[in-house]
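A quick write-up on the structure given underneath.
What follows is calculated from the coordinates using simple rules that are stated; it is not laboratory data. Everything numeric in this text was worked out from a predicted model, so none of it was measured. For neighbour counting, all protein chains shown are included, and Cβ atoms are generated from backbone atoms with ideal geometry for every residue, glycine included.
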Amino acid sequence: MTTETLHDLRGDQPRFQGLEAGHRACQGCGQALAARLTLEAAGPDVVLANATGCLEVFTTAWPDSAWRVPWLHSLFANAASVAAGMEAALKMQGRDVKVIALAGDGGTFDIGFQALSGMLERGHNVLFVCYDNEGYMNTGVQRSSSTPHAAATTTSPAGVARIGKRHLKKDILSIVAAHHIPYAATASVAYPTDLRKKVRRAIQVDGPSFLQVHAPCPLGWGHGGELSIEVARLAVQTGLFPLIELERDVLIGAMPIRRVRGIKDYLRPQGRFRHLFADDPRAREELAHLQALADHNIEVYGLRGDRPDTLDSEGADTVHRGGRHFA
Amino acid sequence: MPQALEGSQAIARAVALCQPQVVAAYPITPQTHIVEHIASLVADGRLRCELVSVESEFSAASVVLGAACAGSRAYTATASQGILLMSEVLFNISGLRVPLVMTCANRAVSAPLSIWNDQQDSMAVRDAGWIQLYCADNQEAVDTTIQAFRIAERCELPVMVCVDGFTLTHTLEPLELPSQDMVDGFLPPYRFVRALDPLAPISMGTLVGPEYFTEVRQMHHEALLAAEKEIVAAAADWSAACGRELAPLVRADGPPEARIGILTLGSVFGTLQDARERFADTPVRLLHLRSFRPFPVEALRAACQGLSELVVLERALAPGADGIVGTEVRSALMGIDGAPRVHNFAVGLGGRDVPLSIYPRLLAAIHEPHPRMGTIDIDPRYLPPKARATGETPP
Amino acid sequence: MIEVRIHGRGGQGNVVAAYVLATAAIDQGHFAQAFPAFGAERRGAPVAAFVRLANAPIRRRCQVVNPAFVIVQDETLTASPDTLEGLRPEGAVIMNSERDGQGLSAAFACTVYAIPATRLSLEALGRPMPNMALLAAFLALTGLLPITGLKDALGLRFGGDVLARNLTLIDQVVAATPAGLWKERADAAGA
């Protein structure tokens with residue numbers, strides 16, 4: 001009789017890889033990592049609807065595909081609607097397969113916004129995952145409604161007359177949660193265990209669920225690929241990207257920040273905020289503004305606390321079912 | 001025994017006989033009655049399907065696309081602005097080679113806003129890669145709807161069943177609805193070989209680079225051309241089952257000795273048939289182009305045998321160019337021996353009634369030179385004075 | 001083929017009247033066609049609907065421009081020349097009116113049969129819905145279809161109390177209408 005612990009057994013079994021290595025993402029791509037983690041947690045019994053964007057492009061150029069789960073890319077704006085149709089069909093067929101829609105912030109906040117709202121309102125059993133890299137990175141770093149205030153993009157450049165994007169980052173989570181869906185949460189690639197747990201939780205919801213995953217884009221944000229995780233972690237630790245969970249529009253959890261960092265720590269490594277460190281009164285004003293936004297998040301969500309961080313260990317949150325059978 | 005049914009109601013019942021598992025639609029005049037009837041069939045438990053009441057036509061097309069890819073028969077219906085709003089998805093559906101059926105309750109396109117019938121909407125998406133079948137009457141709409149599912153599923157191509165809005169959708173008349181057994185014997189259960197399944201995962205809708213793109217497009221083109229065979233076969237098999245005569249590609253009605261032909265798409269056909277009886281001295285062959293996509297070149301040539309003059313009636317405009325259908329007809333007939341001269345007019349735009357009295361005007365018009373297409377039923381009183389004075393409008 | 005045009009205002013059941021008449025004909029083994037003068041009309045706006053009755057399949061789909069019979073659900077619509085426009089010489093008009101038919105005939109220079117359909121419907125149904133009273137009078141005058149056909153067609157669309165009250169109204173109207181008064185007109189129009 002073997003005396004291996006459950007933990008060892010899990011460790012021996014290969015993780016389910018829904019998204020294989022070898023795709024064409026940039027080094028340090030937050031979205032690729034986020035998609036891989038999502039599928040590790042979701043497992044093989046899924047069908048994916050993918051909006052147009054980097055994820056679709058770098059995973060599939062014909063005749064190759066990095067996906068080991070059924071995957072459909074239709075258009076930029078319709079991932080939520082295509083997912084809704086898949087779900088309706090699978091429901092009628094009596095099949096227990098979860099439908100996941102994948103989209104960037106363009107396909108979620110902007111062009112796909114109406115379809116998303118419709119899907120949420122109709123209560124489809126779909127998990128919608130938004131990989132939020134805060135801009136139109138696939139087309140060469142243009143501003144989206146998710147781009148943070150004062151960030152420079154190719155369509156919101158910083159110059160003599162402008163200080164980068166003039167508008168606030170859209171609060172998509174609040175808008176989504178206002179549909180009173182069973183579960184909506186933010187996550188970050190810097191906290192993979194937290195991300196996988198949230199995927200598991202969202203998957204188990206019978207109804208619409210939503211995840212906004214903060215996913216750095218080294219190209220668009222202007223930092224080294226090796227810094228992606230660090231930059232993503234700083235977004236959380238400064239309070240600019242709070243990790244929270246909502247059930248039917250009620251806050252049920254927030255990841256505490258044990259040591260709150262100033263926003264400059266997050267902004268400084270990123271080229272898109274370089275102009276905020278110039279000797280310019282407007283830059284100082286924008287920094288103060290961004291700090292105020294972070295402070296506001298910390299206050300509103302009660303992020304300051306001594307409670308421990310979510311344990312970032314490999315464990316029960318990962319699905320090992322299927323394993324190499326699908327590899 | 002024929003039943004008294006409104007066109008929309010009959011189409012809804014025909015759709016229900018094909019047992020789609022997912023129906024998604026957004027209401028738009030004059031398509032609404034179709035979807036309302038389907039909704040009531042679902043509410044009464046007479047149709048077991050997931051009815052998704054979406055927030056836009058863009059999503060309606062996207063939902064049925066997702067459903068069909070996930071392995072269920074799916075149906076949608078729209079018109080006019082709805083067709084244009086879903087146009088991006090229409091190209092996508094056909095490019096992915098997904099079998100779907102959609103009813104287009106043909107209506108004008110804004111501006112100016114018009115809720116009334118013409119065929120500008122479906123003509124606007126003629127190159128979307130869908131099969132387009134036009135119905136001359138409501139019985140044909142019922143029969144074509146049922147055939148459309150089989151054609152779509154055998155060809156892995158979407159089929160648009162074009163039905164003149166109001167003129168057909170809102171007309172009550174005696175119609176034969178087939179039995180469920182008859183439909184079941186004709187239409188096998190939905191099976192899509194590329195259905196998305198976790199046990200056999202595939203990737204659909206991948207990026208395709210220049211090294212493969214042309215070949216994919218060419219295959220799509222050839223699939224549409226090859227669909228002609230399935231359209232013919234579906235008509236023959238359905239005709240055998242229901243006992244009604246059906247012309248699959250081009251319907252020709254009139255004597256072989258006729259030298260004059262009039263070609264139209266849709267419900268104007270019957271009005272022209274009635275009008276012809278008043279002018280029995282002039283033999284005229286009436287042609288109904290049922291299949292506009294694929295464009296049936298050979299069948300059209302055969303139907304035009306012996307004609308010296310062919311009037312092509314458009315229910316849409318290609319502003320700044322000649323007629324849409326007329327240009328294609330001209331091109332199809334070019335180079336064959338004794339090809340008829342093609343005269344081209346738009347008629348009945350934006351719901352303008354096409355009266356019996358249009359017929360003698362068409363017969364008279366073939367004697368006048370018309371270098372460019374024009375609208376034959378224009379009312380000069382409503383033109384600005386300058387346009388009235390130039391007299392450019394055809395008789 | 002007999003062509004009928006119904007004029008009324010949105011909300012008066014013009015299309016329902018056309019559909020019920022055509023349904024009655026079809027269920028009696030005839031050919032028929034009914035359609036509205038397709039509009040975006042709201043309640044109260046002038047609307048029209050068309051019915052064709054025949055003994056052979058009906059192919060034309062144009063609007064009725066030379067009706068054999070015109071049914072006017074709202075007398076005020078006669079202020080527009082369109083309402084009685086194109087009436088065939090042997091044709092006739094059934095008008096919802098409290099006025100006398102002879103006076104109306106003289107006023108409009110055509111044969112008019114008047115019936116106070118709004119009042120009758122208010123009494124029978126409790127709401128101003130003149131369409132079935134007018135249809136009952138039309139069928140009684142022309143003898144084109146048996147009244148039972150009208151009742152059966154109505155039964156396909158309505159049930160319960162609404163149906164029962166309408167059936168009573170139809171009987172009441174038929175009893176008060178000279179049966180077959182327009183039979184020759186109908187024969188001439190259908191010839």
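The table below lists the values:
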item: Ranked packing of A:69-77, B:336-344, A:118-126, most packed first, by mean Cβ within 10 Å; result: A:69-77, A:118-126, B:336-344
item: Chain B: relative contact order as a whole-number percent, Cα under 8 Å and 6+ apart; result: 15 percent
item: Paired Rg and Dmax values of chain B, which use every Cα atom, in angstrom; result: 21.0, 71
item: Highest to lowest packing among B:275-285, C:148-158, C:89-99, scored as the average C-beta count within 10 Å; result: C:89-99, C:148-158, B:275-285
item: Average beta carbon contacts from partner chains per residue of C:67-80, 10 Å cutoff; result: 0
item: Unit charges on C-beta of K, R, D, E only; dipole of chain A, Debye; result: 380 debye
item: Cut-off under 5 Å, modelled amide H: who pairs with B:GLU50 long-range; result: B:VAL22, B:VAL23
item: Rounded Å value of the spacing that divides the Cα centres of the range B:186-211 and the range C:1-52; result: 48 Å
item: Peptide B:87-100, shielding by other chains (average Cβ, 10 Å cutoff); result: 2
item: Residue-averaged beta-carbon neighbours from other chains (10 angstrom radius) around B:169-180; result: 5
item: Mean Cβ neighbour count within 10 Å, used as a protection proxy, ranking B:159-169, B:142-152 highest first; result: B:159-169, B:142-152
item: Debye equation applied to the C-alpha atoms of chain A, log10 I(q)/I(0) at 0.14 Å⁻¹; result: -1.10
item: Amide H contacts under 5 Å for A:ILE163, placed H, 5+ residues apart; result: none
item: Cα-Cα pairs of the range A:247-310 separated by more than 18 Å (percent); result: 48 percent
item: For the protein assembly as shown, alpha-carbon Rg and Dmax in angstrom; result: 33.1, 111
item: Derived scalar couplings ³J(HN,Hα) [the range B:159-170; Karplus, 6.51 cos²θ - 1.76 cosθ + 1.60; whole Hz; x for Gly, Pro]; result: 10, 9, 9, 9, 10, 4, x, 6, 3, 10, 4, 10
item: A:GLU299 versus A:GLN93: modelled label distance in nm, points set 7 Å from Cα along the beta carbon direction; result: 5.2 nm
item: Charge sum, other residues only, whose C-beta stays under 13 Å from A:ASP110's C-beta, Lys/Arg counted +1 and Asp/Glu -1; result: 0
item: Length-normalised contact order for the range B:250-390 - Cα pairs under 8 Å, 6+ apart - percent; result: 24 percent
item: Karplus-derived HN-Hα couplings along the range C:27-37 (A = 6.51, B = -1.76, C = 1.60, θ = phi - 60°), whole Hz, x at Gly and Pro; result: 5, 8, x, 8, 9, 7, 8, 9, 7, x, 7
item: Ratio Rg/Rh, restricted to the range B:250-390 and using Cα atoms, in which Rh is the Kirkwood radius; result: 0.95
item: Normalised alpha carbon radius of gyration of the range C:8-105 [divisor 2.2 N^0.38 Å]; result: 1.10
item: Relative contact order of the range C:2-190, pairs being alpha-carbon contacts under 8 Å that are 6 or more residues apart, as %; result: 21 percent
item: Phi-based couplings in Hz for the range B:373-380 (Karplus 6.51, -1.76, 1.60; Gly and Pro marked x); result: 5, x, 8, 7, 9, 6, 10, x
item: Cα-derived Rg over Rh, computed across the range C:2-190 with Rh taken as Kirkwood radius; result: 0.92
